[in-house]
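I have placed the structure first, in the form of C-alpha cells, so that the comments after it can refer back to it.
Readers should treat all values here as calculations from the given coordinates under stated rules, not as data from a laboratory. These numbers come from a predicted model, not from an experiment. Please note: Cβ atoms are built from the backbone with ideal geometry, for glycine as well, and neighbour counts cover all protein chains shown.
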Amino acid sequence: MAVDRTRVVILNQYYVPDVASTGHLLHELAVELVELGFEVEVLTGRPSYGPPETWQECPLKEVVDGVKIRRLKVARFDKNFLPGRAFNYLTFVVPMILSVLLKSRRDTVYLYTTNPPFLGAIGWFVSLFRTHHYVTLLHDAYPQMGVWVGTFKKGSFIDRAWMALNRRKYKRTQEAIVLCSAAKELVADAYPVSPEHIHVIPNWADGEDLFPIPKEDSEIARDNDLIDDFVLLYSGNMGLYYDFDTVLGAAELLKDEPFRLVLAGGGGKRNAIEKYVKENGLDNVVMMPYQPFEKLNEALNSCDASLVTIAEGIEGISFPSKLYTSLAVGKVIVALSEDWSELRQIVETNHCGIWSPLGDSEGLAEKIRVLIRDKETSVMMAKSARQVFEAGYTRGVCAAKYAEVLKLADPRFSASETAERRARLTDWLAGGAAVVNIDDPKSV
C-alpha cells in the first residue's frame with residue numbers, strides 16, 4: 001500500500017533555543033526526520049530551563065528548518081523552589097493535555113519523551129477518548145530514579161502510584177525507545193510491553209561540531225599547561241549519577257607521575273570533590289568551570305583520554321551521554337562502571353579505551369600507566385573511538401533508527417508491511433548500539 005509521508009508530533013517541555021540538552025537533541029532529530037521525508041511538528045513550552053538571562057523570546061508558532069513548532073505559555077518560576085516547579089509543570093501539562101485531546105489526529109504518530117517524567121501519561125489519557133497512536137522515549141526512568149537518589153522510598157505511595165501510571169502508559173504505547181539494553185530489560189520486566197516493541201537507540205553527538213584535533217592545537221590545553229602530561233578529562237555535570245571516588249583515588253596514586261586529571265563543569269558533587277582535592281593535596285587535579293559552547297570542541301580535545309562514568313545501580317535508569325561526545329572527538333575512553341555494563345561492552349568490544357570496575361583505584365591507576373607508556377596503543381584507541389562514533393552514534397544513523405520505529409507505529413501501513421519492517425529493524429539493532437553493519441542506514 002502506498003502512503004504519504006509519516007506525520008510525527010514530538011512532545012517535550014523544552015526545545016531550542018532553550019538551553020536544555022534534550023531540547024537540542026530533539027531539534028536535531030526533528031530536522032533529520034524532515035530530511036528523511038517526515039512531516040514533523042513539535043509541541044513544547046516557551047524557553048524556561050536555564051537562568052532567566054538565557055530565556056529567548058520566541059514566537060508561539062513558527063517553522064524552523066522545516067519543523068513546525070507550537071509553544072505553550074508556561075510559568076517560569078525558579079525550579080529550585082518546589083511549589084514553583086510544580087506550578088511550572090501544571091501550566092505545561094494541562095494545556096498540553098487539552099491541545100492533544102482536542103487536536104489528536106488518527107494519521108499521526110506522537111512521540112512522548114520523559115521531560116517532564118510523567119509526560120507519556122498524556123498519551124494514555126488521550127487514548128481513552130479517541131484513537132491515538134504514540135511512541136514513548138525513555139531518557140531517565142522514573143520513579144526508579146527518585147528511589148535511587150532517595151527522594152522517596154521504594155513501595156511508598158508515590159512510587160506505587162507512579163508505577164501504576166507507567167503501566168497504563170506502556171500498555172497502550174505502540175512502541176518504546178530506550179537508550180541501552182539495561183533500560184530495555186527494566187521496561188520489559190516492569191511494564192506490560194513486549195520486548196519486540198522495545199527498541200534500543202542511543203543518543204548521539206554532532207560530528208560536524210565535534211571532531212578530533214591534536215591536543216597541541218587546543219588553546220585551552222596550552223593555556224592550562226596540559227600539553228606535556230597525560231591528561232584525563234571529565235567535562236560536564238558532576239552529578240549524583242556518576243562515580244568520582246575511583247578516579248580521585250587513582251589520581252592520588254599517580255601524584256608523582258606525568259598525569260593530570262581535569263574536571264570541568266558543575267553539579268551536586270563538585271563541592272565535595274573540591275574539598276577532597278584540597279584536603280589530600282592533589283596538585284595533579286585541575287578544577288575548571290563549564291566551558292562556553294563555542295569552545296566545546298577545543299575543550300574536549302584538551303586531553304589524551306576522556307572519562308565516562310556511571311554510578312552503581314544507575315545504568316538502565318539513566319545512561320551517560322558523555323560517551324557520545326567523547327567518541328566524537330576521538331579520545332581514548334576511560335570507562336568506570338559495573339562489570340556487566342553496556343558501557344564496558346562498547347569500550348572493550350571496539351578497542352576504543354579501557355574499562356575499570358567501580359572502586360578499584362589501584363587497578364585504574366595501573367591501566368592509566370599503561371596508556372602513558374604505550375603511546376601507540378593510545379593513538380590506536382583514539383582512532384577507533386571516532387570510527388565507532390561514525391558507525392553508530394551520529395545523528396544521521398540514530399535518526400534513521402527512530403524513523404523506522406515511528407513508521408512501525410504509523411497506522412496507515414498494512415500489517416504485512418509493518419511485520420516486514422519490524423523484522424528488518426530487529427536485525428539492524430541485533431548487534432547492539434555499538435555496531436552498525438548497514439551500509440546506508442537511510443535505506444532501511
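Averaging over every viewing direction, what projected area does the convex hull of the Cα atoms of the chain cover, in nm²? Write out the running numbers ahead of the final one.
Numbers: hull surface 84.6 nm².
Quarter of the Cα hull surface area: 21.1 nm².
Towards the positive end of the charge dipole of the chain, with charges on Cβ (+1 Lys, Arg; -1 Asp, Glu), say which of ALA415, ILE317, ALA188 has the farthest Cα.
So the residue furthest toward the plus end is ALA415.
For the stretch 301-436, what is the largest minus smallest coordinate of the Cα atoms on each principal axis, given in angstrom and ordered from greatest to least?
59, 30, 22
Given Cβ point charges of +1 (Lys, Arg) and -1 (Asp, Glu) and nothing else, what value in debye, to the nearest 20, does the dipole of the stretch 109-222 about its Cα centre take? Before the final figure, lay out the partial values.
Details: 12 positive and 12 negative charges, 204 e Å.
Roughly 980 debye, rounded to the nearest 20.
Answer rounded, prolate or oblate for the stretch 215-391, using the Cα gyration tensor with square roots of eigenvalues a ≥ b ≥ c: rounded when a/c is under 1.5, else prolate when a/b is larger than b/c, else oblate.
On the way: a/c = 1.20, a/b = 1.05, b/c = 1.15.
It comes out rounded by the Cα gyration axes.
So for the chain, averaging the separation of alpha carbon pairs under 8 Å that are six or more residues apart and normalising by length, what relative contact order in percent results?
Details: 812 pairs, mean separation 63.6, N = 444.
For the chain, the relative contact order is 14 percent.
Out of all Cα-Cα pairs in the stretch 187-269, roughly what percent, to the nearest whole number, are more than 15 Å apart? Show your work: numbers first, answer last.
On the way: 2502 of 3403 pairs.
Counting every Cα pair in the stretch 187-269, those more than 15 Å apart make up 74 percent.
Suppose R0 equals 35 Å. What FRET efficiency, 1/(1 + (r/R0)^6) with r the Cβ-Cβ distance, do MET380 and PHE87 give to the nearest 0.05? Don't jump to the answer; show the numbers that get you there.
Values: r = 54 Å, r/R0 = 1.53.
Efficiency, rounded to the nearest 0.05: 0.05.
What ranking, highest mean first, results for peptides 368-374, 311-317, 60-66 when packing means the other Cβ atoms within 10 Å averaged over each residue?
311-317, 368-374, 60-66
So for the chain, taking the charge dipole from beta-carbon charges (+1 Lys/Arg, -1 Asp/Glu), which of TYR234, LEU29, VAL63 sits furthest toward the positive end?
VAL63
Could you tell me whether the stretch 360-428 comes out rounded, prolate or oblate from its Cα gyration tensor? Rule is a ≥ b ≥ c as square roots of the eigenvalues, rounded for a/c under 1.5, then prolate if a/b exceeds b/c, otherwise oblate.
Details: a/c = 4.68, a/b = 3.33, b/c = 1.40.
Verdict is prolate for the stretch 360-428.
Just subtract the alpha-carbon distance of LEU128 and GLU312 from 0.36 nm times their residue separation and send over the number in nm, one decimal.
62.4 nm
Classify the stretch 93-138 from the C-alpha gyration tensor, please: rounded if a/c falls under 1.5, else prolate or oblate depending on whether a/b exceeds b/c. Walk me through the numbers on the way to the answer.
Details: a/c = 1.91, a/b = 1.29, b/c = 1.48.
Because a/c hits 1.5 or more and a/b fails to exceed b/c, the stretch 93-138 counts as oblate.
Per residue of the chain, what 222 nm ellipticity follows from adding -39500 (n - 2.57) for every DSSP H run with n ≥ 4, rounded to the nearest 500?
Numbers: 16 runs with 180 residues, N = 444.
Computed mean residue ellipticity for the chain: -12500 deg cm²/dmol.
Can you tell me how much longer the chain between ASP228 and LYS153 gets when fully stretched, taken as 0.36 nm per residue apart minus their C-alpha distance, in nm with one decimal?
Details: separation 75, 0.36 × 75 = 27.00 nm, distance 4.85 nm.
In short, 22.1 nm is gained.
At 0.36 nm per residue, and after removing the present C-alpha to C-alpha distance, how many nm does the segment from GLU417 to VAL94 gain when stretched out fully? List each step's numbers first, then the result.
Working: separation 323, 0.36 × 323 = 116.28 nm, distance 3.67 nm.
Full extension from GLU417 to VAL94 adds 112.6 nm.
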